[in-house]
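What follows is calculated from the coordinates using simple rules that are stated; it is not laboratory data. Quantities reported herein were computed from a predicted structural model and do not represent experimental measurements. Note that each Cβ is placed from the backbone with ideal geometry, even for glycine, and that neighbours are counted across all protein chains shown.
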Amino acid sequence: MIETRDLVKRFDKYTALNGINARITNGCIYGMVGSNGAGKSTFLRLVTGVYRPDGGEVLIDGEPVFDNPAVKSRLAFVPDDLYFLNSASMRRMARLYASIYPGFDWNRFDFLAQSFRLDPTRPIATFSKGMKRQAAIIMALSCRPDYMFFDETFDGLDPVMRGLVKGLICEDVADKKATAIITSHSLRELEDICDHLALLHEGGVILESEVQDLKTALFKVQLAFLEPFDRSRFAGVDLLHYQQSGSVANLIIRGNREETVEKLRRLEPVLLDVLPLTLEEVFTYEMKKLGYSFDDVLGREEESHEQKAV
Amino acid sequence: MNKKRFDKKLYAEGLRQLRVLGIVFLGISALVAVLNSVGSWISLLSIGQEELKGTLPVMVSASDMMPFIQLSFLLFAPILSLKMFHFLTDRKSSDFYHSIPQTRACVFLSFFAAIVSWLLMIVLGQAAAAALSRIVFPGFFRFSAAELLRSCLSAAAAGFYTAAAAAIACSITGTAFSNVIVTGLLIFAPRLILSAIVGSVSSACYVMVPEKLSFFFNNDYNLVVRMLSNFLSQRGTTAFSWGPVLYTAVLGALFVLAALLFYRKRRSEAAGFAAPNALLGAVYRLTIAFIICLIPISLIFGSIVKGTKLDVMDRFEIFVLYLIAVIAFYLYELIMTRKLAMLKKATLSLLLLPLLNVLAIVLMVTAYRSTIRFRPAADEIRAISVYDNTDTAYFLGQSEENYFEAQAEKLLITEPAAVKAAADGLAQTLDELDEINQGHYRGDRYSLTIGYKTQTGKTVYREVRVSEAQYDTILKGMRALSEYKEIYTKLPDDSATLSLALYAGKMDAAARSRLYEALRRDAAAMDFDSWIGILRGEIFSIDTLHVTKTENGTTSSFNVPITPELPETFRVYGQELQTDNAKQIEELLASVKRVESVRLSAAVPMDTYMVSASLQGSVFSAGSGEALQFQQTYQIGSSWYPNEETAHALLDILEKSKDNDLTGGRIYLLLGASTELWGVEAYNEYGYWEQILVAVDTDLTPEEFAQQFLWGKKR
Amino acid sequence: MFQIDVMSRVPVYEQLISQIEKLVLSGVLLPGTPLPSVRSLSTALSINPNTIQKAYSELNARGVLSSVPGRGAFICENIDRFRREKNQKKLQELEASLLELRQSGVAKEEILPLISAVYKEDAL
């Protein structure tokens, strides 16, 4: 289990992390999302023992990570900024890793290099950006880590590769309850693989939950009534968002879907539609409740999924 | 938790990463050594065979064999270190090496071990290449493997030190440029400052003897600084001694420890920043500025202790230098950031600079004052030791310590009169200090370096100018010691540490050893005063034996004249000369005899066997302080110019020289002769040799003999 | 065997549950049939194994499958309870639909022929 207690990190006068408390159990694929400067990379570097905390502690299986070879030998870290030895090939890097990590598995390395169709004797400097990232992933996975950390690794990776890597991570998680932390700018990159998500903003976690819960906790209901009505009709329901346009109302509701729908049906609407929300939409509403705007915190990348007035 | 301090695999990785640089450096060093060897072999070949015989095999020192070994530790070692720890200058690589599952201590030590390993390989590889490339020319070179190894040890210690300094720099700062600057500062700044200060004080204070200061102040103990200054001033390398090696190695070890601590404290995020914290930035600035301040400090100090006022030029110089120091202080900000705010931040630490200046001046003045305060009365001194600066022997321009003086220095003189003279001499010198500071050195003074052993057992050294009377008293006190006599009469006999050379004569090494043995016998048997007289006085000699003793890293030497006053020596000298020349003398005899007989034969054609002889040399008798010198060319053959007397005389001399009997004879001939012989059988045969020594038994005085010999019986 | 659409708004967890239930109800997955292990399913579909684990747990709770330690997950021998609950739900939905139809003026007579048509083979 990875545990951080009141984790604080400062760079000169700037506080990057402001007391992070997190608990990540084994076998979990934990996603951490946040904009640039939110502190994701800093967090990962603290968990992997690159940085020393300025306050609080980082523990893996109860032991502090910093300068702790026993713990660190079970970790593998793929940073956002990849590092390779000058003019090294994958094989040379593998030799470096093999001499450092006790659990390095050459068979796995060969197998992965083959699966990704990368030539292990070619200098990595000649690889494309995507291939370099794949090389780094191969190195990390070949160490057979119990804990894997991917810093914005998936951002911009092509779908085939994503599928491959996702499969590999899932395999390790299923096999030996390996744990993975994946960070990203974008929710979309994480939502299909993570089972937990945390939203990091300006050095603090503002939202943290199981993905399952997030996806099922909120839902959208579209209702229409023949008679005129207003919001007060739905007093008994936990409404996050209410929008009415004539005789049609759109409600974002938190709660047990079946019960709530049942309740609403008893109001005898002429139209009742239940729609699941995308994770982005869920986030938007949850964050609004906490006083943040999705755009400010995570920003938009592609087409918006905002509620369109009907 | 099992904390490993060293990881074999990481060490192997370190070796691998340094491989390219290591091989290049090793290659360069080995190549230089080999080329040097080949070069000296070629230059030896170009000397004539005959001349060569007397010198082969040539003794080469370690510094001859590895002329640029300084590069190993001045350049190669720190570069290896900078390369190894280069990963700390870039965020990506720094993060990587901080994420691996080895403790920081382990990473540092494993990598540093790799650096040291390559350093050793470069140094030893160089030595091996040098040795092998000399052995390949059998008989040409002689060297001491032990000395070679000792030189390697020195270089390794120095390299250890510089590599460790570079490691500290890398652990502290985060950019390649600042790494280099800090490395330079760490290696040189402390010693530079210290020696500048010590130098200022000792040059202002005549009586101070800087060489005798404790090792901390002695520049020679820091191998790097010493070797660099030797290299720059083209001085011959000082020989090996354990003290500096240990000192430098210990310093290196301290540096390694410091580097380790800094590395463990280091934050990976410091990568890419020149001064990761304000304190260190202030330290660099102050160090550089302070170094510039050394000159004005020295000037101000000088004026304080000598009581002179600074003239306008001096004041101007001081002002300008302080200005430069302040600019240097702000240099980084001025060049890099150009922000007023940064300048303001730096100013706070600028206040320390005048403080340091004042501190330095106060320290120096105190040191000066306490030095001149030492003015013991005769009864406060237990014993003195003396090194006579007026009697240093010079040989071929090299100044080495005089062996006898060096040995004599170890003696303790307790004779009250001598002690008193020494005390008086010091007091006198101190009184005359003002004059000396002005540059007025009195001509009737003898310069001695005296060690005063106080009642506490501590010995204080002072450079003293004594009057003639004091000098004689002190010398008498010294001569009274039986050990003193022994120094002179018991010449050293450990041949391993001795090296012998003759100024004029040519003899191989074994012959020289025999000569030296004869000398030892003479010295032991002789009357002490006569012996001293021979050594010190201007005595007639036909050659000089230069003896060098190298022991424990120090070299000392002495010269002994080859003179009939040293009977054994003289005899062996002549004997060895003749033995050496025996073959040539025989040949010459044969040719001259042949000419004789041919000449006497009536039927000799005109164009055969014309022999001309050229003679130079001296005629002298034992005990005479002079010799008659001459140089003549004679034709002693052919039908046209018969010179029967000269031919007979030459034959006579040659026969006598075969005898090698120099014990008899009241007249000696020291000849250098050459002949030319041409004709049908021997065309342009040229035989030349030097130094035939012959004893002639005759009643004639040298002048009479010379006349007869030189100008024939006719006159 | 399973078609999971990761892009759909419906969570993977729900898709998996509904697909398995559908296959059980339609008789494709017979009682006693072994289901793929969490591991193989997660690898094959590149889905978070925890998600699959949760789906299996839920199905277990609903009586659709049972996990035998060491042997994996199997469709329950007795899926009657499940079937009954499912039918109960469907009937409720039918009731709601019928209410709607009635409200919009559809007469009972129009409904009954539909019932007969569907249950044509069985005697009414």
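In table form, for the structure just shown:
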read-out: Packing-based order for B:22-35, C:98-111, using average beta carbon neighbours within 10 Å, highest first; value: B:22-35, C:98-111
read-out: By average C-beta atoms within 10 angstrom, highest first, the peptides A:205-215, B:68-78, A:40-50; value: A:40-50, B:68-78, A:205-215
read-out: Shielding by partners, peptide A:214-227 (average Cβ within 10 angstrom, other chains); value: 1
read-out: Cα-derived Rg to Rh of segment B:378-489, Kirkwood definition; value: 0.98
read-out: Fewest-first sequence of B:Tyr206, C:Tyr119, A:Tyr83, B:Tyr668 by Cβ atoms within 10 Å of each Cβ; value: C:Tyr119, A:Tyr83, B:Tyr206, B:Tyr668
read-out: Cα centroid separation, segment B:289-365 to segment A:108-132 (Å); value: 59 Å
read-out: Ascending count of other beta-carbon atoms within 10 Å, so fewest first, for A:Asp81, C:Asp5; value: C:Asp5, A:Asp81
read-out: Karplus-derived HN-Hα couplings along segment B:304-309 (A = 6.51, B = -1.76, C = 1.60, θ = phi - 60°), whole Hz, x at Gly and Pro; value: 5, 6, 8, x, 8, 8
read-out: Ratio Rg/Rh [Cα only; Rh per Kirkwood] for segment A:213-297; value: 0.98
read-out: Extended-chain gain in nm, criterion 0.36 nm per residue less alpha-carbon gap, B:Lys309 and B:Arg382; value: 22.3 nm
read-out: For A:Leu7, distant residues with modelled amide H under 5 Å away; value: A:Gly19, A:Ile20, A:Asn21, A:Glu57
read-out: When the convex hull of its Cα atoms is projected in every direction, mean area for segment A:2-202 (nm²); value: 10.7 nm²
read-out: Residue-by-residue Karplus 3J(HN,Hα) for segment C:83-100, coefficients 6.51, -1.76, 1.60, Hz, glycine and proline x; value: 4, 4, 4, 5, 4, 4, 4, 4, 4, 4, 5, 4, 4, 4, 4, 4, 4, 4
read-out: Residues with amide H under 5 Å from that of A:Leu271, placed H, sequence gap 5 or more; value: A:Ala224
read-out: Residue-averaged beta-carbon neighbours from other chains (10 angstrom radius) around B:266-272; value: 3
read-out: Partner lysines for B:Lys4 [C-alpha distance under 21 Å; skip if fewer than 8 residues away on the same chain]; value: A:Lys72, B:Lys265
read-out: Cα principal axis extents for segment B:153-224, largest first, Å; value: 47, 27, 12
read-out: Tail beyond 19 Å, pair distance distribution of segment B:1-140 (Cα, percent); value: 60 percent
read-out: Exceeding the 29 Å Cα-Cα cut-off - candidates A:Lys129/C:Lys54; A:Lys177/A:Lys220; A:Lys9/A:Lys176; A:Lys215/C:Lys90; A:Lys129/A:Lys166; value: A:Lys129/C:Lys54; A:Lys177/A:Lys220; A:Lys9/A:Lys176
read-out: Interchain or long-range residues, amide H under 5 Å from B:Val58's placed H; value: B:Phe141, B:Arg142
read-out: Pair-distance profile P(r), taking every C-alpha pair of the protein assembly as shown, with 10 angstrom steps and integer %; value: 2, 7, 11, 12, 12, 11, 9, 8, 7, 6, 5, 4, 3, 2, 1, 1, 0, 0
read-out: Computed log₁₀ I(q)/I(0) - Debye formula, equal Cα scatterers, no solvent, segment B:495-567, q 0.11, 0.19, 0.21, 0.26 Å⁻¹; value: -0.27, -0.82, -0.99, -1.34
read-out: Relative contact order of chain C, pairs being alpha-carbon contacts under 8 Å that are 6 or more residues apart, as %; value: 20 percent
read-out: Ranking of B:Cys170, B:Cys106 by count of other Cβ atoms within 10 Å, fewest first; value: B:Cys106, B:Cys170
read-out: Proximal lysines relative to B:Lys453, as straight alpha-carbon distance under 23 Å, when same-chain residues fewer than 8 apart are discounted; value: B:Lys212, B:Lys410, B:Lys420, B:Lys476, B:Lys485
read-out: Angle between chain A longest axis and helix A:129-142 axis [Cα atoms, degrees, rounded to 10]; value: 70 degrees
read-out: Peptide C:49-57 - average C-beta neighbours from other chains (10 Å radius); value: 5
read-out: Binned Cα-Cα distance frequencies in segment B:434-528 - 5 Å width, integer %; value: 2, 9, 12, 13, 14, 11, 13, 12, 8, 4, 1
read-out: Helix A:106-115 vs. chain A, principal-axis angle (Cα, 0 to 90°, nearest 10); value: 50 degrees
read-out: Hz values of 3J(HN,Hα) by residue in segment A:37-53 - Karplus curve (6.51, -1.76, 1.60), Gly and Pro given as x; value: x, 5, x, 5, 5, 4, 4, 4, 5, 6, 5, 8, x, 6, 9, 9, x
read-out: Rotationally averaged projected area of chain C (alpha carbon convex hull; nm²); value: 10.2 nm²
